[in-house]
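The values are calculated or read from the model by the stated rules, or taken from the named source; none is laboratory data. Nothing here was measured: the structure is a model prediction, and the numbers come from that model. FYI the Cβ positions are ideal-geometry reconstructions off the backbone, even for glycines, and counts take in every protein chain you see. Ligands, DNA and RNA are excluded from the accessible area calculation, which covers all protein heavy atoms including side chains. Shrake-Rupley method; radii C 1.70, N 1.55, O 1.52, S 1.80 Å.
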Amino acid sequence: MESSSEMVAFPLLTTPIESNYRACTIPYRFPSDNPNKPTPTELSWIDLFSSSIPSFQKRAESDETVPDAKDRAEKFAQRYGEILEDLKRDPESHGGPPDCILLCRLREQVLREVGFRDIFKKVKDEENAKAISLFPEVVNLNDDIEDPGNRLETLVRGIFAGNIFDLGSAQLAEVFSKDGMSFLASCQNLVPRPWVIDDLEAFKMQWTKKSWNKAVIFVDNSGADIILGILPFVRELLKRGTQVVLAANDLPSINDVTYTELFEIISKLKDENGQLMGVDISNLFIANSGNDLPVIDLSSVSQELAYLASNADLVIMEGMGRGIETNLYAQFKCDSIKIGMVKHPEVAQFLGGRLYDCVFKYNEVSY
């Protein structure tokens, strides 16, 4: 971690950290399961992470900032593959039993041990540049929608469409390496509603009659996700008078945006008046979440984020890693939204939905 201060629990969690909070959504094993034998769920997730090794190896080989990248990438693939095989034989090895947090952490550790820091940097920069050029068009299309409820749904669809840019999914990584993806086409081609979890109508009702003083948004990917999905929504919140805290990763992980990259993106999007397409951003804050994975355990966030979030009345967990694979059932002291696209068959099966289905889970808290 680059954050030097001690990590703390996210202050808006309802459940006590020491007893009920568990970051991972899917139950990988139960107390009755044999501790020396991997469960079918653990095996399926180990296989899922194993299937992503070739795309990570290919991305690492092309990292021009690392000498001997090809040899180091091969070492990564071999070492991480061996760790996954170890977990199949003994789920207690390598800090197990395995879940999505441990599997992500081990992958990042091996990448860093063999000398890689940010193997997705080049593609992140390319996708950010593309998305920045499209930002005015997307914002103008949203602003032209007069009905608040319809505009909100368009903004939400934009978040889903942007969330497709996820190089942690082996299938999507392959698509991006070949063709890239059109943001506006993706907005039109989302799976039809009702989605697997669809509380959008309930949120629309609150949107038209309620305002929030401060929102904390745990953001996900670079490119279209943050720039064309999240930031137009953030801009709408700012127009309504809501303070917004964007919580982004401390260190690089897959193509997730880091807090330093987010500062750069915002500076490039500002107009000559220092605004976001005519909207004042003095109430927009960027926080280092203290996290270094594509998933997040809210029992351990930065003190900076905890301080900024302490008086928020809306928490948004965005993306499959933060909002679905972890924290889908996390309970907060304030209103919350978990929003993301289902990009792994294992998650779709658990939820009873379809691959590339959408999750919009809204929980309102009565004060």
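Remarks
- Our summary gives the chain a relative contact order of 23 percent, counting only alpha carbon pairs under 8 angstrom and 6 or more residues apart.
- Residue by residue, region 213-224 carries 3J(HN,Hα) couplings of 6, 8, 10, 10, 10, 7, 8, 10, 8, 6, x, 4 Hz when phi is fed to the Karplus relation 6.51 cos²θ - 1.76 cosθ + 1.60 (θ = phi - 60°); x denotes Gly or Pro.
- Between amide H atoms placed 1.01 Å from N, distances below 5 Å from Val301 occur with Val8, Ala9, Phe10, all of them 5 or more places distant or on a separate chain.
- Amide H partners (placed H, <5 Å) of Val216, local residues excluded: Val245, Leu314, Val315, Ile316
- Sequence of Thr242, Thr154 from largest to smallest accessible area, 1.4 Å probe: Thr154, Thr242
- Magnitude of the charge dipole for the chain, about its Cα centre and with charges confined to Cβ atoms of Lys, Arg (+1) and Asp, Glu (-1), is about 460 debye.
- When Ser289, Ser300 are compared by accessible surface with a 1.4 Å probe, the order from highest to lowest is Ser300, Ser289.
- With 32 Å as the limit on Cα-Cα distance, the pairs of Lys37/Lys75; Lys70/Lys361; Lys122/Lys214; Lys58/Lys88; Lys122/Lys270; Lys37/Lys333 that go past it are Lys70/Lys361; Lys122/Lys214; Lys37/Lys333.
- In Hz, Karplus ³J(HN,Hα) per residue of region 146-162 (6.51, -1.76, 1.60; θ = phi - 60°; x = Gly, Pro): 7, 6, x, x, 5, 5, 4, 4, 4, 5, 5, 4, x, 5, 4, 4, x
- Put Arg105, Arg151, Arg22 in order of accessible area, highest first, and with a 1.4 Å probe you get Arg22, Arg105, Arg151.
- Ordering Pro97, Thr154, Val196 by the projection of their Cα atoms onto the charge dipole of the chain, which places +1 on the Cβ of Lys and Arg and -1 on the Cβ of Asp and Glu, puts Val196 at the extreme positive end.
- About its Cα centre, the dipole of region 226-278 is roughly 260 debye, where the only charges are +1 on Lys and Arg Cβ and -1 on Asp and Glu Cβ.
- Simple Cβ-charge dipole of region 274-359, Lys/Arg +1 and Asp/Glu -1, about Cα centre, in debye nearest 20: 180 debye
- Sequence-distant aspartates and glutamates (8 or more away, or on other chains) whose Cα lies within less than 12 Å of Lys239: Asp143, Asp280
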